[in-house]
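**Q** Can you keep this structure in mind? I'll have questions shortly.
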Amino acid sequence: MEATVPQVTFKTRVRDESVGGDNPFRWEDVTSDKIFKGKNIVLFALPGAFTPTCSSTHLPGYEGKYQELIDKGIDEVYCLSVNDAFTMYQWGKHLNIEKVKLLPDGNGDFTRLMGMLVNKTNLGFGDRSWRYSMLVKDGQIQQIFCEPGLEDNCASDPFEVSDVDTMLDYLANQ
């Protein structure tokens with residue numbers, strides 16, 4: 001059953017040398033249509049930048065196998081987190097991410113509309129994204145791999161099906 005991705009505007013920061021100074025970035029609004037329309041996109045979402053599983057395995061896994069995804073007909077790979085643009089940028093820099101695009105969902109708008117916003121006050125995180133990955137073709141969600149146990153204040157952080165290998169296996173069988 002296909003569903004359309006939520007229509008939101010992401011508040012991003014892009015490098016722009018014309019700005020000058022030590023911080024040559026400007027704000028740029030990026031819509032869901034700009035990301036998904038007419039493209040084959042893999043998007044994976046995770047609870048937070050700089051957190052253990054997200055930093056050691058989830059994002060590096062997609063970065064390391066980015067070309068394999070492109071070779072299977074994917075136009076772009078996005079990592080979404082309910083973090084601000086500044087945090088996402090520094091996290092990407094810290095992990096030397098050069099291929100996967102980091103997408104800040106600072107207000108949790110996209111995540112909320114996806115039904116994936118969970119409360120993680122038990123960890124002092126507030127509202128965050130549940131861990132999942134999805135294949136989106138021209139704005140239509142073709143497949144979602146949602147981690148089991150979707151709930152507020154989950155005592156664990158499941159990471160079983162939203163990894164890059166699960167997505168690659170799915171794409172190989174299409």
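The values are calculated or read from the model by the stated rules, or taken from the named source; none is laboratory data. Here the structure is a predicted model, which is why all the values come from computation and not from measurement. Virtual Cβ from ideal backbone geometry, glycine too; neighbours counted across all protein chains shown.
**Q** Considering segment 149-174 alone, what residues qualify as being within 18 Å of the chain's Cα centre (by Cα) and either farther than 20 Å from Ile70 by Cβ or modelled with pLDDT under 95 (or both)?
**A** Across segment 149-174, the qualifying residues are Leu150, Asp157, Pro158, Phe159, Glu160, Val161.
**Q** While we're looking at this one, here's another question. What do you reckon, is Thr4 in contact with a Gly (Cβ under 8 Å, 6 or more places away or on another chain) and surrounded by fewer than 18 Cβ atoms within 10 Å (Cβ to Cβ)?
**A** yes
**Q** Which pairs turn up if I take residues in segment 153-167 that are more than 15 Å from Cys54 (Cβ to Cβ) and look for partners that are of a type in the set (Val, Ile, Thr) with beta carbon separation below 7 Å, at least 6 apart in sequence or on another chain?
**A** Listed by first residue and then by second, the contacts come to Asn153/Thr121; Met167/Val42.
**Q** Hey, another quick one. Filtering segment 96-123 down to residues that are over 15 Å from the mean Cα position of the chain (by Cα) and part of a loop (DSSP other than H, G, I, E, B), which residue is modelled with the lowest pLDDT?
**A** Only one residue fits best here, namely Lys120.
**Q** Restricted to segment 139-151, and to residues that are outside any loop (DSSP other than H, G, I, E, B) and touching a residue at least 40 places away in the same chain (Cβ under 8 Å), which residue is nearest to Asp165 (Cα to Cα)?
**A** So, considering only residues that are outside any loop (DSSP other than H, G, I, E, B) and touching a residue at least 40 places away in the same chain (Cβ under 8 Å), the one nearest to Asp165 (Cα to Cα) is Gln142.
**Q** Now a separate question. Here are the criteria: (1) part of a helix (DSSP H, G or I); (2) in contact with an Asp or Glu (Cβ under 7 Å, 6 or more places away or on another chain); (3) surrounded by 20 or more Cβ atoms within 10 Å (Cβ to Cβ). Tell me which single one Leu168 does not satisfy.
**A** Just one mismatch for Leu168, condition (3).
**Q** Could you check, for segment 48-64, whether at least one of its residues is farther than 13 Å from Phe159 by Cβ, at pLDDT 95 or above and not aromatic (Phe, Trp, Tyr)?
**A** Scanning segment 48-64 turns up at least one residue that is farther than 13 Å from Phe159 by Cβ, at pLDDT 95 or above and not aromatic (Phe, Trp, Tyr).
**Q** Residues being in a loop (DSSP other than H, G, I, E, B) and more than 12 Å from the chain's Cα centre (by Cα): count how many of those fall in segment 124-138.
**A** 4
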